[in-house]
Amino acid sequence: MNNDEKARHIAKCLQLAVLLEASANKPGNVNRANGFEGTRYEHFLASAVAIVSSFETAAKHGILVSDGNRSINEVELGVIIRDCVSNINTWQHGGNTLLGTSILLSPLAVSAGMAQTKDGTFEISELRENLKLVTESTTPEDAVKVYEAIRTANPGGLGKAANLDVNDPASAAKIRRENVSLFQVFKLAASYDMICSEWVNNYPITFDLAYPSLLKQLERGNELEKTIISTFLCVLAEHPDTLIARKTSTKKAREISSMTREILKLGIETSAGKEYLDRFDEKLRQSGNLLNPGTTADIIAAALALCVLGGYRP
């Protein structure tokens, strides 16, 4: 395939991952059966349509890097993420749907553009090596643009940071003045935000837990939706969701993870496990969307993207 075809192919792979993740009936998330006040399944479908052009741009920038026609610190990842959010808001009125997913998948699109491909498949190890280069090469301008994206998306539980707060008008000037890259900004937030932690640590939950879980079950021929739900629970069991922690408390996020471990002990295929899973879903929805494991969902989308880029087709 030529470069334009490669970029379109990468964008379609990531779009498919977003659609598959949103369509699985994961507990506590917006899905086909359940929505939040003002945010429903169709808003995620519209967002998946809106986001694909930015992924194609990201892939093209990665191709330019691999061809030696652009420096890796000129990828303009911040602009890409900002445009993802802007396009999403143009296409739907359901609020913040894919901010975390955009932040995780945009550098992956660049990385795939940089990678070699045969018959439209990519080596996962090469994607991860490229990801490290892409995220560590971000600039202060990338940080400023991502701050714009975050303010536009207006995610829940944002809180106030002690340094370089996203809602502080002085932060952009300080970022430029002190030459603080997006990678460095995310490093400041990594202790309390899983998306930022993935970025600065080369996506450990995505590559080392979520992706192997998905791949193993899919290779066994397990049903896709059950595989996604099972992997979602595995990630949530080991890593308390930081969106829940920010909206409520770290204690509550750990309590949710403890309940998840109980479900996995019972097994989601058993009658007791299914019953517990239903009660768990109800509990997560009792307080509006305060107990929404949304960051876990973003990581599942990234892991599904690896599966699709690696050749998986539903």
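The values are calculated or read from the model by the stated rules, or taken from the named source; none is laboratory data. All of these numbers come straight from a predicted model, not from anything done at the bench. Neighbour counts are summed over all protein chains in view; Cβ atoms, including those assigned to glycine, are modelled from backbone coordinates with ideal geometry.
Only residues that are within 30 Å of Lys6 (Cα to Cα), in a loop (DSSP other than H, G, I, E, B) and touching a residue at least 40 places away in the same chain (Cβ under 8 Å) were counted across the range 289-314, and they come to 4. If you go through the range 159-184 and keep only what is within 21 Å of the chain's Cα centre (by Cα), among the hydrophobic types (A, V, I, L, M, F, W, C) and either at pLDDT 95 or above or surrounded by fewer than 17 Cβ atoms within 10 Å (Cβ to Cβ) (or both), you end up with Leu182, Phe183. Which condition number in (1) more than 16 Å from Asp298 (Cα to Cα); (2) outside any helix (DSSP H, G or I); (3) under 16 Å from the mean Cα position of the chain (by Cα); (4) not acidic (Asp, Glu) is the one that Asn202 fails? Failing condition for Asn202: (1). The set of residues from the range 246-288 being crowded, with 16+ Cβ neighbours inside 10 Å, assigned to a helix (DSSP H, G or I) and of a type in the set (S, T, N, Q) comprises Ser257, Thr260. For the range 174-184, the set of residues classified as in contact with a Ser or Thr (Cβ under 9 Å, 6 or more places away or on another chain) and in a helix (DSSP H, G or I) consists of Ile175, Leu182, Phe183, Gln184, listed by residue number. Residues that are surrounded by fewer than 20 Cβ atoms within 10 Å (Cβ to Cβ), over 21 Å from Thr121 (Cβ atoms) and out of contact with any strand residue (DSSP E or B) (no Cβ under 8 Å at 6 or more places or on another chain): does the range 1-9 have at least one? No, that holds for no residue.
When the residues of the range 17-59 are filtered to those that are of a type in the set (A, V, I, L, M), outside any loop (DSSP other than H, G, I, E, B) and touching a Gly at 6+ places or on another chain (Cβ under 9 Å), which remaining residue is surrounded by the most Cβ atoms within 10 Å (Cβ to Cβ)? The qualifying residue surrounded by the most Cβ atoms within 10 Å (Cβ to Cβ) is Ala58. Considered as a group, the residues in the range 50-68 that are within 16 Å of the chain's Cα centre (by Cα) and not hydroxyl-bearing (Ser, Thr, Tyr) include one that is farthest from Ala153 (Cα to Cα), and that residue is Ala58.
Selection over the range 188-200 of residues that are surrounded by fewer than 16 Cβ atoms within 10 Å (Cβ to Cβ) and not small (Gly, Ala, Ser) gives a count of 1. Regarding Ile229, is this residue touching a Ser or Thr at 6+ places or on another chain (Cβ under 8 Å), crowded, with 17+ Cβ neighbours inside 10 Å, closer than 27 Å to Arg128 by Cβ and not basic (Lys, Arg)? For Ile229, the condition - touching a Ser or Thr at 6+ places or on another chain (Cβ under 8 Å), crowded, with 17+ Cβ neighbours inside 10 Å, closer than 27 Å to Arg128 by Cβ and not basic (Lys, Arg) - is not met. Of the residues making up the range 10-36, those that are of a type in the set (A, V, I, L, M, F, W, C) and closer than 14 Å to Ala297 by Cβ are Ala17, Val18, Leu19, Leu20, Ala22, Ala24, Val30, Phe36.
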